[in-house]
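Peer 1: I have a structure here, written as structure tokens, and I will follow up with some questions on it.
Values quoted throughout were computed directly from the atomic coordinates according to the rules given, and no laboratory measurement underlies them. Since the model is a prediction, treat every value here as computed from it, not as a measurement. Here the Cβ positions follow ideal geometry from the backbone for every residue, glycine too, while neighbour counts run over all protein chains shown.
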Amino acid sequence: MLSGISKLLGSFLKFIYDFMVQAFPNEPESISFFALSIIIATVIIRVAVLPVNISMMKNQKKMAELQPEIEKLQRKYKNDPQTLAVKQQKLYKEANYNIFAGCLPMIIQMVVLIAFYRVFLEPAKYAFTDKAFFESINKNFFYLKNLEFKDTTMILPAMAGITTFITSYLSSKNPANQGNQQANSMMKSMTIMMPLLIFWMSRNFQAGLALYWVVGNIVSIIQQLITNAIIAKDVSEEVK
């Protein structure tokens, strides 16, 4: 399955690169068509999975609607955690609410990350099948001479970790999650662990892969800010 996803992503990356070469006569000195292809492909991929994010947003809105009932259960069974858990699960089931739906976008990101890792690991197999051609093209990105190698300056890995933290932090501040102990606990763990994991991984990844993650996170941050604003508005209307 991952091999198929890698081939699809590799072909898509090559398609964007070929399009840019044909569309623009001159390649910018500071940023290569290869780097721009990664950025454009990342934005398009994130937009493509937008329906998943919309589904997650609907799930969060449903959680906001259920919050008053959950608080009633928490007060009623505050001394009986087992019964509280059973009652909450029953409420979620009746409302068709999936408490783990918020993790789906992150899972999809990780699958794409692994698939892209395979593309950069074997570009001649998944994207630029002409090895000589791939070695001849520019792969610079501002301060980096070649995105095919690790970023020894640690700038991109640090940005990957920081933007991952911001994404997780904004998710934890979603009004729909306030008062949801299970969701809050999960979000707190992700806010701490994911940035550290991504930073550690990015130190050993090709810089192109780290660039993909940073750009993807920036798109996710924008989406999360919009989502939080929409949820906050709906919650305030419910209160009124």
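Peer 1: Straight-line reach only, C-alpha to C-alpha below 19 angstrom: list the lysines that LYS145 could link to, leaving out same-chain residues fewer than 8 apart.
Peer 2: Leaving aside lysines fewer than 8 places away in the same chain, those within reach of LYS145 are LYS131.
Peer 1: A further question follows. List the trypsin sites (Lys or Arg not before Pro) within the stretch 9-90 that fall in a DSSP loop (any state other than H, G, I, E or B) and whose Cβ has at most 14 other Cβ atoms within 10 Å.
Peer 2: LYS78
Peer 1: Cα centroids of the stretch 104-171 and the stretch 191-225: how far apart, whole angstrom?
Peer 2: If you average the Cα positions of each part, the centres end up 9 Å apart.
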